[in-house]
Amino acid sequence: MIKDFFKYQAQTSPYPLALEVAHAKGSYIFDTDGNAYLDFVAGVSACTLGHQPKRVNDAIKKQLDTYSHVMVYGEYAQHPATELCKLLAENLPYPLTKTYLVNSGTEAIEGALKLARRVTGRSQLISCHNAYHGNTMGSMSVMGFEERKQIFRPLIPDVDFITFNNEADLEKITTKTAGILLETIQGGAGFIEPQNDFLKKVRQRCDEVGAIMILDEIQPGFGRTGKLFGFQNYDVIPDVVVMGKGMGGGMPVGAFTASEKMMDLLSHDPKLGHITTFGGHPVIAAACLATLQEVTETNLMQETLEKEKIFRSLLVHPLIKEIRGRGLMLAAMTETPEITNEVVLRCHKRGLILFWLLFEGCAVRITPPLTLTNEEIRKGCGIIIEVLNEIESEMKLGNL
């Protein structure tokens, strides 16, 4: 399989981990040699309920036996998608009541950016330095990392950047601004949380100048931070919330939600203002509905904060400078990118899956399934500390 993987499947980096997956269950992924890997990454925050969650699988199977794709998005009333959007509205603050379902987070970002321009009639979009919102041309245009996008220019025009948590930069949001797009917690930059009511101050500035506030919840969303959405931790309500990743319980999906008044603008002048063939696919929507029901009907969200405390208590080591993030969206910050690389790769060899962040080389990603047990936390953290001790010894001997 490895030879065919490299020969026929396009790669995203020169050195993928290339684990040959046989099956997965709960908090574990198993390779074709029968080795078990404790998963502290959850498909990069996508597998909210772990691998093969029964409630999600049952919903998928039931829907497969009922109907699959029948019509392009928005033409037919289909039970899974309708119930999903209704349940989202019931769990979001007013006026976030109407949801547009798409196929991925980056696609949802595209729709949100279009909506901001449609609502305001303005063109300027503002994002943050070191922001990541996806990799299509529009989403890349609001990526705040020039190295990743320079070769693909020209991108969409009239995009400007501010620094996350820099209040002085909020003056750049003016009556020319259609919308400002922020990650509720900056992901690729190192799981940086808003400080000093930064999001509330962005909200106030947007209200002053009539700009649309868009919050990207693709990583923090669906219970990962102790609330259904990360912004609910910061006493703010955006005009548009974008979601994806953990929304589908491991299935590909994205969505953006806004007020009924705003969303209805996509249906006219011009009509078909945003369209998709497979958005709201009934099988995917059934998986999303089951995921949302499980997250909202259980104690998983509250438990993330208790599990965070366990991680923080166990991941204490001279080579860890700090633990960033909230709930089960955590980043262990080492002293150098070289140490981080060693931690990720050596833990992988010992049966623990960790990963990197896009722009912050010192960060070790820890975003496990919400269903991870306390025993599994202790097991994984034990491996991390064992590896850090090994690295520290080698550093003292000058062998690293």
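The values are calculated or read from the model by the stated rules, or taken from the named source; none is laboratory data. Just so it is clear, the model here is predicted, and its values are computed rather than measured. Glycine also receives a Cβ, built like all others from the backbone with ideal geometry; neighbour counts cover every protein chain displayed. The area values use the complete protein model at the heavy-atom level, side chains included, leaving out ligands, DNA and RNA. Shrake-Rupley method; radii C 1.70, N 1.55, O 1.52, S 1.80 Å.
General remarks:
- Projected-area average for the stretch 263-400 over all orientations - Cα convex hull basis, square nanometres: 11.9
- Taking all protein chains together and a 1.4 Å probe, the residues Asp4, Asp39 rank Asp4, Asp39 from largest to smallest accessible area.
- Rounded tilt (10° steps) of 374-396 against the dominant C-alpha axis of the chain: 60
- The residues neighbouring Asn399, those whose beta-carbon lies less than 15 Å from its own, together hold a net charge of -3 under the Lys/Arg +1, Asp/Glu -1 convention.
- Listed by chain and number, the aspartates and glutamates whose alpha-carbon sits under 12 Å from that of Lys227, ignoring those within fewer than 8 places in the same chain, are Glu217, Asp235, Glu303.
- Residue (of Gly244, Gly273, Leu292) at the positive-pole extreme of the chain, dipole from beta-carbon charges: Gly273
- Amide H contacts under 5 Å for Val41, placed H, 5+ residues apart: Thr367
- Cα centroid separation, the stretch 213-291 to the stretch 94-115 (Å): 5
- Helix 79-91 vs. the chain, principal-axis angle (Cα, 0 to 90°, nearest 10): 90
- In this Cβ point-charge picture (+1 for Lys and Arg, -1 for Asp and Glu), the chain has a dipole of about 380 debye about its Cα centre.
- Pairs from Lys86/Lys261; Lys54/Lys86; Lys25/Lys54; Lys7/Lys149; Lys200/Lys321; Lys114/Lys261 whose Cα-Cα separation, in the structure shown, is over 18 Å: Lys54/Lys86; Lys7/Lys149; Lys200/Lys321
- Dipole axis of the chain (+1 Lys, Arg; -1 Asp, Glu on Cβ), positive-most option in Thr336, Tyr8, Thr371: Tyr8
- Cross-link partners of Lys172 among aspartates and glutamates (Cα-Cα below 12 Å; sequence separation of 8 or more within a chain): Asp160
- Value of relative contact order over the stretch 253-395, rounded to a whole percent, pairs C-alpha under 8 Å and six or more apart: 20
- Taking every Cα-Cα distance in the stretch 91-210 and sorting them into 10 Å bins starting at zero, the pair-distance distribution P(r) comes out as 13, 44, 38, 5, 0 percent.
- Dipole magnitude (debye, nearest 20) for the stretch 121-267, charges at Cβ of Lys, Arg, Asp, Glu: 260
- Computed from backbone phi with θ = phi - 60° and the Karplus coefficients 6.51, -1.76 and 1.60, the 3J(HN,Hα) list for the stretch 9-17 is 9, 4, 9, 9, 8, x, 9, x, 5 Hz; x is used for glycine and proline.
- Only the Cβ atoms of Lys and Arg (+1) and of Asp and Glu (-1) were treated as charged; on that basis the dipole of the stretch 219-353 about its Cα centre amounts to roughly 460 debye.
- Summary value for the stretch 148-297: 17 percent relative contact order, contacts being C-alpha pairs under 8 angstrom separated by 6+ residues.
- DSSP beta bridges in the chain [antiparallel fraction, %, rounded to 5]: 60
- The alpha carbon gyration tensor of the stretch 1-133 gives principal lengths a ≥ b ≥ c with a/c of 1.5 or higher and a/b no greater than b/c, which makes the shape oblate.
- Gyration tensor verdict on the stretch 172-324 (Cα atoms; rounded if a/c is under 1.5, prolate if a/b is larger than b/c, oblate otherwise): oblate
- For the stretch 1-48, a/c is not less than 1.5, where a ≥ b ≥ c are the root eigenvalues of the C-alpha gyration tensor, and a/b does not top b/c. That puts it in the oblate class.
- Where only C-alpha atoms are counted, convex hull volume of the chain per residue in Å³: 155
- Separation in nanometres of the label points that stand 7 Å from Cα toward Cβ, at Glu390 and Glu146: 4.0
- Among Glu260, Glu294, Glu375: highest mean-square fluctuation, GNM of the chain, C-alpha pairs under 10 Å: Glu375
- Packing rank of 112-121, 58-67, where each peptide gets the mean count of other beta carbons within 10 Å, highest leading: 112-121, 58-67
- Seen against the Cα atoms of the chain and their longest principal axis, helix 105-120 is set at about 30 degrees.
- Relative packing of 149-161, 280-292, which averages over residues the other C-beta atoms within 10 Å, highest first: 280-292, 149-161
- Across the chain, the relative contact order, built from alpha-carbon pairs under 8 Å that are at least six residues apart, equals 23 percent.
- Most tightly packed first, judged by the mean number of other beta-carbon atoms within 10 Å of their residues, the peptides 344-350, 209-215 read 209-215, 344-350.
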